[in-house]
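Reading through the structure tokens given below for one structure.
The values are calculated or read from the model by the stated rules, or taken from the named source; none is laboratory data. Computed from a predicted structure; not experimentally measured. Methodologically, a virtual Cβ is constructed for each residue, glycine included, from the backbone with ideal geometry; neighbour enumeration extends over all protein chains shown. Ligands, DNA and RNA are stripped out before the accessible areas are found, and what is left, the full protein with its side chains, is counted by its heavy atoms. Shrake-Rupley method; radii C 1.70, N 1.55, O 1.52, S 1.80 Å.
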Amino acid sequence: MVLLLDTTEEKIGSEVLRECGLNKKEEVELIDTTEMNISNCNGCNFCWLKTPGECTLKDDYEPILKKISSADQVWLISDTKFGFISYKAKNIVDRISPIITTFLHYNNKKARHIMRYDRTPDLGVIYSGEGNDEFLNRWCDRLASDLGSSSRGAYGREKIKEAVSCM
Amino acid sequence: MHVVVINASPRVRKYSNTDKIMISFCRGLIRRGASFEKHAISERKYWGVIRQAFLDNDEIVFAVPLYAEAVPGLMLEFLETLPKKDNRTRVSFILQGGFAEGCRLRCGEELLRDLTKYLGVSYGGCLVKGDNFSIRLREGECLDRIIKPYEKMGELFANGDGFRFNQAKKFTGPEIYSTPVRIATDVVFKTVAKRTMIKMAEAAFGCTTPLDYKPWAQNSYELDSAISQNEQFFTLKKKYNM
Ligand SMILES: Cc1cc2nc3c(=O)[nH]c(=O)nc-3n(C[C@H](O)[C@H](O)[C@H](O)COP(=O)(O)O)c2cc1C
């Protein structure tokens, strides 16, 4: 399943979904998070050390994380600020710790946390506005590699077609 | 010199690793005759006060924990509320994270450097060091050993060149571990570090659930593996008398 998480003010997730339809992509799910109440990760670490696998913040995030934990790909659709994704999109990313464990191993020459579930989705970014494309690609690569998955790349809004072709 | 030091972690001050690092850094500052004020963005009610301090001063240090290869979402939100300033204000950074090798912090460092352009201020450099995850689980001498080196960095910062001095570069430690060190670290991860985590979780948080428990087992295979993990965990606990 390809999971699209829209955090943009203009809700450009629907444009992405339309493009997916035109390309007959199956099993795409769009979640519009813009009206949801999703707070920032407060770094309590309880999801690792107190209630393993469970976030103590009870807001609208948990159903999204459940979807993330079983998706093949997650695409973050974000406005940009400081050339980077918005804080709203970053909060969604920061809150994924419950699907990661505190345990570590070296895997392919890189220290990584052992993932809690058997699979981890690939990551992609679609951004609207003045993003630093090179940096966003670098960041997405690094994050996916931390999770032991692959990056599908970061694409500006004008490249939605290209992004969809990589799904 | 008066330095405004801002903790950009969302973690409350009492449990924040960054806070402990800042305390040590600030000790160094005062030893060299500089003064400082310490702030933390974890409580939103102080954001107005911090903004004013940012506006009124020209030597700012953000102390930042790496969150998902970048700065925490909360810091991005706070930065959006800052007024524009000019390059008479210098912003420097202390970037710290959980993973030890220097290369793990470079992506975050790039983001911080670029941030100063968007804020319109001048960049005073970035003090980069990882291997700090366990600060929150340590106390006494053990804690002092980890945070003490930041005191020296505070002293050197008071010279007035931001973090643009040689010792700041060296402070990061190895950029990447050599193969033997990697292999040894992997063994530590899988034995001592693993047991310590389990012990700490129980001692500090009363947690008796296996730390790799899967609350959302999605099929019978995952359910089986969750159950066997559970059994393994209790065998391990017995074995190590925990
Ligand atoms: C949500 C989250 C994401 C993190 N991501 C990273 C990371 O990508 N790389 C890293 O080295 N450390 C990472 N860490 C570890 C923290 O940077 C580290 O524990 C730091 O010392 C926390 O400082 P604080 O207690 O002041 O928040 C992460 C921690 C949290 C809670």
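With a 1.4 Å probe and every protein chain kept in, tell me what percent of the accessible surface of chain A is carbon plus sulfur. Don't skip to the end; give the middle numbers.
Values: 3170 of 6960 Å².
That share works out to 45 percent.
By how many degrees, between 0 and 90 and to the nearest 10, does the Cα long axis of helix A:13-22 differ from the longest principal axis of chain A?
That works out to roughly 70 degrees.
When only alpha-carbon atoms count, how far does the stretch B:67-117 stretch along each of its three principal axes, as whole angstroms with the largest first?
Each principal axis gives a Cα extent; for the stretch B:67-117 these are 34, 22, 13 Å.
Pop out a list of residues from the stretch B:48-90 that are at least 40 Å² less accessible with all the protein chains around than in their chain alone; 1.4 Å probe, no ligands or nucleic acids counted.
B:TYR67, B:ALA68, B:GLU69, B:GLY73, B:LEU76, B:GLU77, B:GLU80
How much accessible area per residue does the stretch A:59-167 have, counting only protein heavy atoms and a probe of 1.4 Å, in square angstrom?
36 Å²
Counting only other chains, what is the mean number of Cβ atoms within 10 angstrom of the Cβ of each residue in peptide A:77-88?
Counting other chains' Cβ atoms within 10 Å and averaging over A:77-88 gives 4.
At a Cα cut-off below 21 Å, give the lysines reachable from A:LYS159, other chains included and same-chain residues fewer than 8 away excluded.
Filter leaves A:LYS11, A:LYS24, A:LYS25, A:LYS81.
Taking all protein chains as present, what is the carbon and sulfur share of the accessible area of chain B, in % to the nearest whole number, probe 1.4 Å?
Carbon with sulfur: 53 percent of the solvent-accessible area.
Note every residue of the stretch B:161-203 with a reduction of at least 50 square angstrom in accessible area, all protein chains present versus the isolated chain, computed with a 1.4 Å probe, or write none.
Residues meeting the cut-off: B:ARG182, B:PHE189.
In square angstrom, what is the accessible area per residue of the stretch B:2-176 with a 1.4 angstrom probe?
Using a 1.4 Å probe on heavy atoms only, each residue of the stretch B:2-176 averages 41 Å².
Using the alpha carbon gyration tensor of chain A, what are the three equivalent-ellipsoid semi-axes (square root of 5 times each eigenvalue), largest first, in whole Å?
Working: eigenvalues 125, 63, 49 Å².
Largest first, chain A gives 25, 18, 16 Å.
How much accessible surface area, in Å² rounded to 10, belongs to the heavy atoms of B:ASP114 with a 1.4 Å probe?
Ignoring ligands and nucleic acids, B:ASP114 comes out at about 20 Å².
Could you work out the helix-only [θ] at 222 nm for chain B, with each DSSP H run of four or more residues adding -39,500 (n - 2.57) and the total divided by the number of residues, to the nearest 500 deg cm²/dmol?
Only helices count here, giving -14000 deg cm²/dmol.
Label-point separation (nm) for B:GLU80 and A:ASP60, each offset 7 Å from Cα along Cα-to-Cβ?
Placing both labels 7 Å along Cα→Cβ, they lie 1.5 nm apart.
Which Cα, out of A:SER97, A:VAL16, A:GLY131, lies furthest along the positive dipole direction of chain A (beta carbon charges, K/R +1, D/E -1)?
Comparing the listed Cα positions along the dipole, A:SER97 ranks first.
For A:ARG157, B:ARG113, give the ranking by accessible area with the largest first, probe 1.4 Å. Present the calculation step by step, with values, prior to reporting the outcome.
On the way: A:ARG157 70, B:ARG113 100 Å².
If we order A:ARG157, B:ARG113 from most to least accessible, we get B:ARG113, A:ARG157.
Hey, what D do you get for chain B in µm²/s if you plug the Kirkwood alpha-carbon radius into Stokes-Einstein at 20 °C and 1.002 mPa s? Each step should come with its number before you reach the end.
Values: Rh = 19.8 Å.
It comes out at roughly 108 µm²/s.
List, in order, the whole-Hz ³J(HN,Hα) value for each residue of the stretch B:37-48 obtained from phi through the Karplus relation with A = 6.51, B = -1.76, C = 1.60 and θ = phi - 60°; use x for Gly and Pro.
Computed from phi, the couplings for the stretch B:37-48 are 10, 10, 10, 9, 7, 4, 10, 4, 5, 9, 4, x Hz.
If you put +1 on each Lys and Arg Cβ and -1 on each Asp and Glu Cβ, how big is the dipole of chain A around its Cα centre, in Debye rounded to 20?
640 debye
Could I have the simple spin-label model distance between B:THR191 and B:LYS152, label points 7 Å from Cα toward Cβ, reported in nm to one decimal?
3.1 nm
What average count of beta carbons from other chains do you get within 10 Å of the Cβ of residues in B:13-21?
1
Set the Förster radius R0 to 30 Å, insert the Cβ-Cβ distance between B:ARG164 and B:ARG138 as r into 1/(1 + (r/R0)^6), and round the FRET efficiency to 0.05.
About 0.45, to the nearest 0.05.
Once you average over the residues of A:51-57, how many Cβ atoms of partner chains fall within 10 Å of each Cβ?
Across the residues of A:51-57, the mean count of other-chain Cβ atoms within 10 Å is 4.
Run the Debye formula on the Cα coordinates of the protein assembly as shown, all scatterers equal and no solvent, and tell me log10 I(q)/I(0) at q = 0.11 1/Å.
Cα-only, vacuum Debye calculation for the protein assembly as shown: -0.85.
Report the extension gain between A:LYS109 and A:GLU29 in nm, rounded to one decimal, defined as 0.36 nm multiplied by the number of residues separating them, less their alpha carbon distance.
25.4 nm
Measuring from centroid to centroid over Cα atoms, what is the spacing of the stretch A:121-155 and the stretch B:86-123 in Å?
19 Å
Please compute the net charge surrounding A:GLU15, taking Lys and Arg as +1 and Asp and Glu as -1 over other residues with Cβ under 11 Å from its Cβ.
Values: positive: A:LYS11, A:ARG18, A:ARG157, A:LYS161; negative: A:ASP6, A:GLU10, A:GLU19, A:GLU158.
Taking every other residue near A:GLU15 into account, the sum is 0.
Interface B/A, total buried accessible area with a 1.4 Å probe, nearest 100 Å²?
Chains B and A together bury roughly 4700 Å² of accessible area.
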